[in-house]
Amino acid sequence: MRVLGIETSCDETAVAIVTDKKEILAHAIYTQLETHQQYGGVVPEVSSRGHLEILPHMVSQALTEANLSLADLDGIAATCGPGLIGGVLVGATFAKAIALYHQKPFMAVNHLEGHALTVQLTHDVPFPYLLLLVSGGHTQILLVKDLGDYALIGTTKDDALGEAFDKTARLMGLPYPGGPKIEAYAHKSQTDHYAFPRPMIHKPGYDFSFSGLKTAVRFAIEKEPTPLSKKTKANIAYSFQEAAIAVIKNRLKNVFQRYHNHFNTFVVAGGVAANQAIRQSLEEIATQYQKQFVAPPLHLCTDNGAMIAWAGLSYLKRGKTSSLDFKPRPRWPLDTLEP
Ligand code: KG4
Ligand code: ZN
């Protein structure tokens, strides 16, 4: 089985062709980063026009790379939410048109489920597993019981973790997306100079909050001479990352204590999962609780087409396809999916 996956929910146009033997026959990502950097964030209208211009070329290129034609595909999958609705509409409509013309099954993929299932493309991880999903828009701890069957355990009360990285970077004068830049600066410091507050850790439960941390960073920056020196930037980045890691560890400790009977494998997914310091601390927690820790390779953590193709293929294998009437959704929480 070969499925084409299309991802257009944010600022990346991504296309991939994946097989049921877990081969990635084509994989292309075009990022509009430079276009959006001048605005300090993604501008939805600019982003959807960008997807529209480049997507048809990317699909033809992917087919050429895989040495296939549209007729050779067994299904077409596209992100149908959650995300910036203009972009989602471009990808979803394009995929539906191909499916309709070539009489192929269409799979409306939930972007978050794409992240959640990526690990099964690269590793043999059976259901159920515990998932920490950390992206630009989401920070959630979920029990992945089966395809389309998610139990939400914890979520953020305010900013998502990736958003906190991006906002901290912006306060430091670093361009969007801030996550990789904060990680690189943090690498140059080894002292928790600022000892930022660790929101929520004195409260029981599994939820997160990161907006207080961001405010603490802002106050610290206001006290420093401008422009910030490289050393100050490194120290702020390091202290921010340390505080974020302490919060994640604390929340996960509560989850592991309460839910350890429900899973054997702990998985991380989403763009922030590309952060090495975070990956390492997650591995430590898993080891502490005698659970297996699995993280997809870095290039499959951030948004990509393979995760969408794979999620679509997982449904197709079970004979589950979507109607061409499926309406793309700006909001589409994982725990509202149906098995
Ligand atoms: O999953 P993703 O590619 O897009 C969304 O669905 O949101 O995640 C993007 C987020 C951004 O906030 C970005 O700053 C963050 O992931 N990110 C990182 C790293 N690489 C990407 N955060 C921390 N460290 C990184 N190395
Ligand atoms: Zn994503």
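Taking V272, is it over 24 Å from I141 (Cα atoms), part of a helix (DSSP H, G or I), of a type in the set (A, V, I, L, M, F, W, C) and in contact with a helix residue (DSSP H, G or I) (Cβ under 6 Å, 6 or more places away or on another chain)?
no
So that you can scan it fast, the table gives a plain yes or no per residue for (1) among the basic types (K, R); (2) in contact with a strand residue (DSSP E or B) (Cβ under 9 Å, 6 or more places away or on another chain); (3) modelled with pLDDT of 95 or more:
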residue: K181; (1), (2), (3): yes, no, yes
residue: K188; (1), (2), (3): yes, no, yes
residue: H193; (1), (2), (3): no, no, yes
residue: G212; (1), (2), (3): no, no, no
residue: F219; (1), (2), (3): no, no, yes
residue: E222; (1), (2), (3): no, no, yes
residue: K233; (1), (2), (3): yes, no, yes
Looking at the stretch 263-277, can you tell me whether even one residue there is free of Cβ contacts under 8 Å to residues at least 24 places away in the same chain and either away from ligand 2 (no atom under 15 Å from the Cβ) or out of contact with any Pro (no Cβ under 8 Å at 6 or more places or on another chain) (or both)?
no
All-but-one check, H115 against (1) more than 16 Å from ligand 2 (Cβ to nearest atom); (2) in a helix (DSSP H, G or I); (3) closer than 19 Å to M307 by Cβ; (4) not hydrophobic (A, V, I, L, M, F, W, C), failing number (1)
Review point. On the given criteria, is I182 of a type in the set (V, I, T), away from ligand 2 (no atom under 16 Å from the Cβ) and either more than 30 Å from I201 (Cα to Cα) or within 19 Å of the chain's Cα centre (by Cα) (or both)?
Key: yes
Among L316, L324, L300, the single one that is touching a Ser or Thr at 6+ places or on another chain (Cβ under 7 Å) and at pLDDT 95 or above is L300
Within the stretch 210-238, residues crowded, with 17+ Cβ neighbours inside 10 Å, touching a helix residue (DSSP H, G or I) at 6+ places or on another chain (Cβ under 8 Å) and in contact (Cβ under 8 Å) with a residue 40 or more places away in the chain come out as F210, L213, K214, V217, I221, L228, K233, A234, I236, A237, Y238
Point to revise | F256 vs. criteria over 30 Å from E12 (Cα atoms), outside any helix (DSSP H, G or I) and more than 16 Å from ligand 2 (Cβ to nearest atom) | key: no
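Quick one: count up the residues across the stretch 1-14 that are crowded, with 24+ Cβ neighbours inside 10 Å and within 16 Å of the chain's Cα centre (by Cα).
So in the stretch 1-14, the residues crowded, with 24+ Cβ neighbours inside 10 Å come out as 3-11, 13-14.
Now narrow it down to the ones that are within 16 Å of the chain's Cα centre (by Cα): 5-11, 13-14.
Selection size over the stretch 1-14: 9.
Each row is one residue, and each column tells you yes or no for (1) out of contact with any Ser or Thr (no Cβ under 6 Å at 6 or more places or on another chain); (2) more than 16 Å from ligand 1 (Cβ to nearest atom).
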{"residue": "T226", "(1), (2)": "yes, yes"}
{"residue": "T232", "(1), (2)": "yes, yes"}
{"residue": "N235", "(1), (2)": "no, yes"}
{"residue": "Y259", "(1), (2)": "yes, yes"}
{"residue": "V268", "(1), (2)": "yes, no"}
{"residue": "R279", "(1), (2)": "yes, no"}
{"residue": "E283", "(1), (2)": "yes, no"}
Open item on the list: Going residue by residue through the stretch 327-334, is there one that turns out to be touching an Asp or Glu at 6+ places or on another chain (Cβ under 8 Å) and touching a residue at least 40 places away in the same chain (Cβ under 8 Å)?
Closed with: yes
Of the residues in the stretch 284-319, those that are without any contact (Cβ under 8 Å) to a residue 12 or more places away in the chain, assigned to a loop (DSSP other than H, G, I, E, B) and either touching a helix residue (DSSP H, G or I) at 6+ places or on another chain (Cβ under 9 Å) or buried (at least 24 other Cβ atoms within 10 Å of the Cβ) (or both) come to Q290
Taking the stretch 7-35 and keeping residues within 12 Å of ligand 1 (Cβ to nearest atom), within 19 Å of E163 (Cα to Cα) and outside any loop (DSSP other than H, G, I, E, B) leaves E12, T31, L33
Being farther than 24 Å from Y39 by Cα and either within 16 Å of ligand 1 (Cβ to nearest atom) or in contact (Cβ under 8 Å) with a residue 40 or more places away in the chain (or both) narrows Y176, Y185, Y129 down to just Y129
Of those in the stretch 118-167 that are among the β-branched types (V, I, T) and either under 18 Å from S9 (Cα atoms) or in a strand (DSSP E or B) (or both), the residue nearest to the chain's Cα centre (by Cα) is V134
Within the stretch 97-112, of all residues that are in contact (Cβ under 8 Å) with a residue 60 or more places away in the chain and surrounded by fewer than 21 Cβ atoms within 10 Å (Cβ to Cβ), the one nearest to W310 (Cα to Cα) is P105
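Test of understanding: among V42, V90, which residue is buried (at least 18 other Cβ atoms within 10 Å of the Cβ), in a helix (DSSP H, G or I) and in contact with a helix residue (DSSP H, G or I) (Cβ under 6 Å, 6 or more places away or on another chain)? First the steps, then the outcome.
Values: V42 fails: in a helix (DSSP H, G or I).
Checking each option against the conditions leaves just V90.
The values are calculated or read from the model by the stated rules, or taken from the named source; none is laboratory data. Remember, predicted model here, so these are calculated numbers, not experimental data. Cβ sites come from the backbone with ideal geometry, for glycine too, and all protein chains shown count toward neighbours.
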